[in-house]
Structure formats: structure tokens, C-alpha cells
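Take a look at the structure below.
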Amino acid sequence: MSRVPKVFGKTYATPRRPFEKERLDQELKLIGEYGLRNKREVWRVKYVLAKIRKSARELLTLDEKDPRRLFGGSALLRRLVRVGVLPEDKMKLDFVLGLKIEDFLERRLQTQVFKLGLAVSIHHARVLIRQRHIRVRTQMVNCPGFMVRLDSGKLIDFTLSSPLGKGGPGRVKRRKMRKAEAGDAENASDEE
């Protein structure tokens, strides 16, 4: 039985000019502001945005009564509104071309956890997510780049098993409790 190789498509595109000062400064600012791990995370969002804008441009070249433009355009707009990138009052293909990287980075789980006040900093939010303390609705999510839908934004909370939420005590607290119990047992034996 032969093994079928997995072929994954590119999820990001590297910049054409690697040492362009303005772009480097802009990417570094985004990394700091949104607590990203590396430039690849910025490039991934840029790539998604470029694909969406390309499809919007393609649909705008078609006639307004064309069924492809009607159905494809409305599907694209609905998808962007559901994610929360595009406001409902701007549901036109022209507004899709005006989207920025920041619109997508605002919808990441890491940013949402920080904005809701569950974390002290944007970096703390990333750590909480990776350590499986955060859930969206009933599902535990451990990907900081998870795109939070508009209707799920209010349902971000600590997981049930997390000591930060309503779960049992954490590792350090359990150790302190064991030490306290051992100390109480010694005191009781000394008194007798």
C-alpha cells in the first residue's frame, strides 16, 4: 500500500522586496500591536485579504445583472459580515476593496480575549489560548489566530476545566494545599 503525499497550498506569500523599510516598519508595528509571533502571521493575513480583494475585483468587472456577480458577490459579502470584518451597513463590493489588514487582525481570538479583559496583555492572551484556558461557545480553542465570528464574540470565556474559570485548583495551588495538609498533620501529631 503506497503512501499518498499530502499537498497543502501556500497559506502566505513572501514580499517581493525583502528589505523595504516602510513595509518592515509597518509589519513590526502590527506584530507588536497584535502580539503576533512572526512576520509569517502578518503575511498570512495579507494573503487572505489579497485573495478576497482579487475575487471582489473580478466580480466588479462583471455586469450588475450577471448571476455570477449576484450570487458570488452576495456570498462573499455575507461571509465577511459573519466574520465581522465588514459592517452590515457597508454590504457592497466597493467596500471590500477598502478592507485593511487591521480589520482581520481585530477578529483574531487573541485580540478578542485581550479586548474582553480576560488577559492582562495581548501576549498574556496568546499564552492563555495556547495553554487551553479559553473556549468559544462550548468548544475549547487553542489557536491564537482563530477567526471569531460576530455572533461568537460574546461567548468567549474560560474553559470549565481551567483554574482561571470555575475549574479545580491549578498545579501550584494543589501543591500549596498538600503542604498545608502535611503541616496540619505534623501539628496534630506534635500536640498529641
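Here are the numbers:
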{"read-out": "Spatial separation of Cα centroids for the range 117-150 and the range 44-103, in angstrom", "value": "27"}
{"read-out": "Distribution of pairwise C-alpha distances over the range 81-192, 10 Å bins, in %", "value": "13, 33, 22, 14, 9, 5, 3, 1, 0"}
{"read-out": "Contour minus Cα-Cα distance for ARG175 and LYS90 (0.36 nm per residue)", "value": "25.2 nm"}
{"read-out": "Kirkwood Rh and Cα Rg combined as Rg/Rh, the range 1-147", "value": "1.03"}
{"read-out": "Relative contact order (%) - the range 86-192, alpha-carbon pairs under 8 angstrom, separation at least six", "value": "18"}
{"read-out": "Per-selection Rg to Rh, the range 67-117 - Cα, Kirkwood hydrodynamic radius", "value": "1.07"}
{"read-out": "Where labels lie 7 Å past Cα in the beta-carbon direction, separation of LEU28 and SER2 in nm", "value": "5.0"}
{"read-out": "All lysines inside 30 Å of LYS54 as judged from Cα atoms, apart from same-chain residues fewer than 8 positions distant", "value": "LYS6, LYS10, LYS21, LYS29, LYS39, LYS46, LYS65, LYS90, LYS92, LYS100"}
{"read-out": "Simple Cβ-charge dipole of the chain, Lys/Arg +1 and Asp/Glu -1, about Cα centre, in debye nearest 20", "value": "1040"}
{"read-out": "Selection from SER161, VAL7, MET147 lying farthest towards where the dipole of the chain points positive, charges on Cβ", "value": "VAL7"}
{"read-out": "Qualifying GluC sites (Glu not before Pro) for the range 1-76 [loop in DSSP, other Cβ within 10 Å: at most 13]", "value": "GLU20, GLU64"}
{"read-out": "Residue-count net charge about GLY32 - beta-carbon cut-off 14 Å; Lys, Arg +1, Asp, Glu -1", "value": "-1"}
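Only the coordinates and a few stated rules stand behind these numbers; no lab work does. Computed from a predicted model, the values in this text were never measured in an experiment. No Cβ is skipped: glycine too gets one built from the backbone with ideal geometry, and neighbour counts run over all protein chains shown.
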